[in-house]
Amino acid sequence: MVCTLDVMAPSLPLIFLLVMPGVYSDDDWGVSYSSSYICALKGSSVIMSCTYKYPPGYKIKNVFWTKFYEKGVDPPDLFNDPEYSQRIQYLGDKQQNCTIRLNDVTQKDSHEYYFRFITNITDGRFIGYPGVTLDITDLHVESPESVTEGDTVSLTCKSTCNLTDRTTFIWWKNTQSLTERNNKLLLQSVRREDAGRYSCAVHGHNLTSPHVDLNVKYSPKETFVVVNPSGEIVLGDSVTLTCSSDSNPPAQISWFKGSTYIGSGEIYSITSICSDHSGEYKCKSRNEVGEKYSDTVTLNVMYSPRNVSVSMSGSGEIVLGDSVTLTCSSDSNPPVLNYTWFKENESSSVGSGQSYSALQSGFFYCVTQNQHGSQRSAAVSVTVHYRSGWHVVLGIIVGCGGLFIIIIIIIILLKKRKRSGAKAEDLTVKQDCFYSNKTGSAQAGDVRVCDLADCDAQYYNVTSSRGDQTAGKTPESRDSGEIQYATVQHHRNKEMKKTEENETQYDNIRINQPGAAMRRSNLQTVDDVSVIYSSIKKPL
């Protein structure tokens, strides 16, 4: 290293100086620096090592370091500089070692420094020029401005100069120390979780670089909609929909009802909500990397019944005895719970349910109700008409025809019963003959009538009477008495033809028995009557 000899000596010829006792050449003066360039970290301590020499017989009077050099001018001593006096420490001696330590260096300490010594000989001074260049650096991390998820990223810990010491680096992510020890940090297939604040440091030093933010871009994720209020929504309420999405960079938000675009922005507000706002809503978040739709949310707006109306089957004019069905319809949410029917000018209801059968004339309306209110419909008119005359006649004819059929059936049934009863009678009267209870057990009033189909005569009455001698006897004695008289009356119709003269109509058959108490005088007087008297004695 070249040093400058600053010796104040008289101007003599060179050859004279060489032979003059006590005069030395430049090789006897010098300052040797161990390193002419030092790159030090800001805040660290720097040691500038050096040695110096001077001719024998000289004694060192003063030594110091300076950062100023100019020929002919005495440089200032750093030990006297306020910026250095507290930080500089001389580690050498006044013989050969001229090493110093400078603590807590800053950017201002970047400079060239020189060692100067002064001997006891007048003008025997020397300054080591050139000196030691000190370069103070800090650390910073170089990284891409932004990366996309899936890329490979390299981060580098850099300084403004090459550190002269063997350096071991330390990497930090947020507050966590990483395992990498080189000045490069490699992140392969970067993820959004790799985003964060990175910084580096040098082992053994307190200096840490300023952090840098690693910006990892990714498409929107976890996009969803929040509804406020979250409970039941009633007509007239205010509702706010908020779209949340995890994305980098932040996504632009679009709103849709069904498939229809309705607005943009993170928040979609609805004031004084109405039933038309019911439906499915979703948001779409989109950035430069990609887009994503949220799941749909349903707004179900509750409201009381409205647009209540009554419809009817037919025209509303019916005939007496018929009915018309009235149906009540309404728009409500939730659906109507109760349907109640009223007739105008009547306070009490006439029916319930969505349908009602009207049987009488009047104006009818329905009232619908759910949890949020009720509403009535307009009244509809029902008119009942009486049936026309031909309807009445037709009804009478149909009724009489049915009655006639029933009578015919009854007569036939009675005839069948009579026919079966006549066969069972003990007394049977046929054409040209009659039988008068030969057993003698007939009692008063017993009548035996034959069917018209079995004989030519009609028998109307058979009356038995006993003689007066039976009076006062018991029924058993009277029954055992003999029959003395049998009176038979018969007549013929004058209009009957001769061919029909043999057919005799018998009006009365009387069996006379003694006793006035049992006689009856109910003989009919008829034209052309022939009376036949005969006595029949009952065998004892």
* Solvent-accessible area per residue for the range 141-226 (1.4 angstrom probe, square angstrom) -> 60
* To do: Using DSSP to define loop residues, name the trypsin sites (Lys or Arg not before Pro) in the range 71-170 whose beta-carbon has at most 11 other beta-carbon atoms within 10 Å.
  => Lys71, Arg166
* Subtract the Cα-Cα distance of Gln354 and Val226 from 0.36 nm times their separation in residues, and report this length gain in nm to one decimal. => 42.2 nm
* Please give the per residue accessible area of the range 266-420, computed with a probe of 1.4 Å over protein heavy atoms only, in Å². => 63
* Structure fact -> Summing +1 per Lys or Arg and -1 per Asp or Glu among the other residues with Cβ less than 13 Å from Phe363's Cβ gives 0
* Roughly how many percent of the accessible protein surface of the range 203-324 is carbon and sulfur, given a 1.4 Å probe and a whole-percent answer? -> 44
* Structure fact -> For 134-146, 351-363, 174-186, ranked highest to lowest by mean beta-carbon neighbours within 10 Å, the order is 134-146, 351-363, 174-186
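Relative to the present Cα-Cα distance, how much length would full extension add between Ser275 and Thr168 at 0.36 nm per residue of separation?
31.5 nm
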* Roughly to the nearest percent, how much of the accessible area of the range 136-197 is carbon and sulfur, given a 1.4 Å probe? -> 41
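The values are calculated or read from the model by the stated rules, or taken from the named source; none is laboratory data. Predicted, not measured: the structure shown is a model, and the values here were computed from it. Neighbour counts are summed over all protein chains in view; Cβ atoms, including those assigned to glycine, are modelled from backbone coordinates with ideal geometry. Each accessible area value is taken on the protein alone, full model and side chains, heavy atoms only, with ligands, DNA and RNA left out. Shrake-Rupley method; radii C 1.70, N 1.55, O 1.52, S 1.80 Å.
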